[in-house]
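**Student:** To start, I am sharing the structure in question, which I have written as structure tokens.
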Amino acid sequence: MRLFSSAFAVYPEQPAVYDSKAGYAISFHLQKLIPKGGIVEVVNPKSVLCSLLPGILRSRKARVILKQSSSEARTAFADVLVEDTGFSDLVLAEPDAFVPGGALVNPSESSLLENRHVVGVGSILQITGKNPASHDFIEFQKRVTENGIDLMSLL
């Protein structure tokens with residue numbers, strides 16, 4: 001299974017090796033953001049968040065609130081899942097692509113992400129200049145990639 005499932009991602013010649021190294025790097029940087037004992041809200045977790053985040057949450061003794069998640073995601077997060085209380089310390093999303101100043105998400109996700117301080121998680125391979133009509137633009141507060149944590153307002 002590919003770590004980065006975005007249709008916008010452009011892969012190098014050895015994608016399996018890249019996925020392994022990028023996954024480790026994203027996990028390292030993402031762990032810095034997760035508050036110990038905190039509650040993290042995740043909107044529509046996809047391949048990166050489903051594979052990396054459960055282990056990080058366990059090690060940080062944090063809990064997760066899932067929004068618009070699949071049954072596979074609920075299974076992956078089963079031991080750290082908590083009911084929605086309306087409050088979270090951090091909101092994470094895995095956009096389909098990163099663009100200058102924000103990200104492109106499916107319209108079904110945009111209503112949950114608008115006017116919130118959201119951290120986008122993905123790969124630098126997902127950075128694009130395209131803005132298709134099939135996706136909505138959302139401003140993100142930060143972006144976590146294999147290169148580190150970027151403040152989106154500076155991009």
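The values are calculated or read from the model by the stated rules, or taken from the named source; none is laboratory data. Quick caveat: nothing in here was measured; it's all calculated off a predicted structure. Note: ideal-geometry Cβ built from the backbone for every residue, glycine included; neighbour counts use all protein chains shown.
**Student:** Which residues, counting only those in region 108-140, are assigned to a loop (DSSP other than H, G, I, E, B), of a type in the set (S, T, N, Q) and within 17 Å of Lys67 (Cβ to Cβ)?
**Tutor:** Asn115
**Student:** List every residue pair whose Cβ atoms lie under 6 Å apart, where the two residues are 6 or more positions apart in sequence or sit on different chains, the first residue falls within region 64-85 and is within 24 Å of Ser110 (Cβ to Cβ), and the second residue, located anywhere, is of a type in the set (Phe, Trp, Tyr).
**Tutor:** Pairs that qualify, where the first residue is within 24 Å of Ser110 (Cβ to Cβ) and the partner is of a type in the set (Phe, Trp, Tyr), are Val64/Phe77.
**Student:** Working carefully through the options Ser59, Ser51, find the one that is at pLDDT 95 or above and either basic (Lys, Arg) or at negative phi (or both).
**Tutor:** Being at pLDDT 95 or above and either basic (Lys, Arg) or at negative phi (or both) holds for just one of Ser59, Ser51, which is Ser59.
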